[in-house]
Amino acid sequence: MDFKFSNRVPKQNNDVVGEILKVAGDPKIISFAGGLPAPELFPVNEMKKASDKVFEKHGQDALQYTASIGNSKLRQLVAKRMDSHKHINCKSSNICITTGSEQSIDLISKMMINQGDVVLVEKPTYLCALDVFRSYGAKIVGVDMDENGMKADSLETALQNYPNVKLIYTIPNFQNPTGRTMPTNRRKEVADLASKYDVMVMEDDPYGEIRYSGKSIDPIKHFDKDGHVIYMSTFSKILAPGMRLGWIIADEKFVNMFVVMKQSADLHSDNLSQYIVAQYMEDNNLDLHIQKIRDAYHRRASMMLKEIDKQFPRGVKHSNPEGGMFIWVEVPGNINTMELFKNCVKHNVAFVPGEPFYPDEIIPGTFRLNFSNMKDDQIHEGIHRMADAISEMMEK
């Protein structure tokens, strides 16, 4: 049957990233392709205790429908944490609980983007966000980056060249895929430019809590004077992705309309999960738990970077993240990244090629490595295999 899909559905059903991850799932292959948190760090016992307490105290309420904006206790706890840890002055009425960051990206895009509207993104950027923007008919324009993230002068040039910009999408902390971090002065500039050109900023911060070196930097939202910045984050990286809970912080008027859109999407995020996370936060020191994650990721990132510096051929560049889960690699020369991927698979090691992360012009020879879900011996052996595969490609 010839289904008459909408324009939002891709014309071709070939899922390049899905195929890559499928190949990377082969047990013989050491895969640095996924973006998975370390499951051994999930607070299983504490979550079980929180769940038991929720069923004892709030069982009927937790299993019932709830308000689309989210559990009031959880929103209060998030607001308190955002004020103390992120220096974002907000109330619970500025917060809506979402079904992970993916829903935040989707609903904000649905609210803001008309066919042909321009979305400015870092080049490269989170590939799933690109898919969402495309699904709503956006014209995606990449903004140049350097080691300090999106360049403010390039951003202003894009704002001047494209008068119909609706959104600026940025990941200022330990960016996916590059691991880069935007410094304070640029964050102020982004907030100022958003106000000057009356454009909304979608500040995506899933990794901000996982800083293991350097000093913490206030979010762009901290510098927002007039409601042009929508801050979004998630419990996926600091608790467990299976809970599927995130949140947005925005002007109350924006949140009210966001809630209306959410009602038609899923009515509300999982009520039981919201109760459990709120109970967990009340009963446990979340900062101590996050510190365990930081320590583990710091050790794994340091090991991977050390192995890369020791084993990769000369001329190969990499990012030096201060947190998060990813390292970005650039191989010199005009190397086809997909061919490099295939050669790495022959050596039983895998990464995510750079192509899907680019909104427009693709830089060859780039790829993303993940270290968060890797054991020490896998990091050592996997980088060794990858070094051999890269050397073979560079020698051709």
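The values are calculated or read from the model by the stated rules, or taken from the named source; none is laboratory data. Given the structure is predicted, the values throughout are model-derived calculations rather than measurements. Quick reminder, even Gly has a Cβ in these numbers, built from the backbone with ideal geometry, and neighbours come from all protein chains shown. Just so you know, the surface numbers come from the protein's heavy atoms only, side chains and all, with ligands and any DNA or RNA stripped out. Shrake-Rupley method; radii C 1.70, N 1.55, O 1.52, S 1.80 Å.
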Requested in this report: Can you tell me which residue within region 360-386, out of those that are surrounded by fewer than 20 Cβ atoms within 10 Å (Cβ to Cβ) and of a type in the set (A, V, I, L, M, F, W, C), is nearest to Asn320 (Cα to Cα)?
Outcome: Ile363
Report task. Report whether or not Lys396 is outside any loop (DSSP other than H, G, I, E, B) and either of a type in the set (Lys, Arg) or open to solvent by 20 Å² or more (accessible area, probe 1.4 Å) (or both). Result -> no
Query - Qualifying residue in region 148-158 (condition: in a strand (DSSP E or B) and open to solvent by 30 Å² or more (accessible area, probe 1.4 Å)) - result: no
Query raised in the report: Can you tell me which residues in region 128-147 are part of a loop (DSSP other than H, G, I, E, B) and open to solvent by 50 Å² or more (accessible area, probe 1.4 Å)?
Result: Asp144, Glu147
Query - Hits in region 109-127 (condition: open to solvent by less than 50 Å² (accessible area, probe 1.4 Å) and within 19 Å of His228 (Cβ to Cβ)) - result: Ser109, Met111, Met112, Ile113, Asp117, Val118, Val119, Leu120, Val121, Glu122
Query raised in the report: Do we find that Ser273 is open to solvent by less than 30 Å² (accessible area, probe 1.4 Å) and part of a loop (DSSP other than H, G, I, E, B) in this structure?
Result: no
Query - Identity of the residue in region 290-306, in contact with a helix residue (DSSP H, G or I) (Cβ under 8 Å, 6 or more places away or on another chain) and crowded, with 19+ Cβ neighbours inside 10 Å, that ends up farthest from Met386 (Cα to Cα) - result: Ile293
Query - helices (runs of 4 or more DSSP H) wholly inside region 1-103 that include at least 2 residues being hydrophobic (A, V, I, L, M, F, W, C) and in contact with a strand residue (DSSP E or B) (Cβ under 8 Å, 6 or more places away or on another chain) - result: 16-24, 72-86
Query raised in the report: Which pairs do you get when a residue that is under 14 Å from Leu193 (Cβ atoms) and acidic (Asp, Glu), found in region 167-179, comes within reach of a residue that is modelled with pLDDT under 95 and open to solvent by less than 10 Å² (accessible area, probe 1.4 Å), reach meaning Cβ atoms under 7 angstrom, with the pair 6+ apart or on two chains?
Result: none
**Report entry** Exclusive hit being free of Cβ contacts under 8 Å to residues at least 60 places away in the same chain and of a type in the set (Val, Ile, Thr), set Val141, Val78, Val54, Val119
**Finding:** Val119
Query raised in the report: Going by the structure shown, is Asn256 without any contact (Cβ under 8 Å) to a residue 12 or more places away in the chain and not basic (Lys, Arg)?
Result: yes
Requested in this report: Check off (1) of a type outside the set (Gly, Ala, Ser); (2) open to solvent by less than 30 Å² (accessible area, probe 1.4 Å); (3) over 21 Å from His222 (Cα atoms); (4) touching a Phe, Trp or Tyr at 6+ places or on another chain (Cβ under 8 Å) for Gln103 and give me the number that stays unchecked.
Outcome: (4)
**Report entry** Test: residue in region 250-265 that is open to solvent by less than 30 Å² (accessible area, probe 1.4 Å) and either touching a Gly at 6+ places or on another chain (Cβ under 6 Å) or of a type in the set (Lys, Arg) (or both)
**Finding:** yes
Query - Residue, surrounded by the fewest Cβ atoms within 10 Å (Cβ to Cβ), within region 316-352, restricted to residues that are part of a loop (DSSP other than H, G, I, E, B), of a type in the set (Gly, Ala, Ser) and modelled with pLDDT of 95 or more - result: Ser319
Requested in this report: Kindly indicate which of Lys73, Lys53 is surrounded by 12 or more Cβ atoms within 10 Å (Cβ to Cβ), among the charged types (D, E, K, R) and under 29 Å from the mean Cα position of the chain (by Cα).
Outcome: Lys73
Query raised in the report: Residues Ile105, Ile97: which one is of a type in the set (Val, Ile, Thr) and touching a Lys or Arg at 6+ places or on another chain (Cβ under 8 Å)?
Result: Ile97
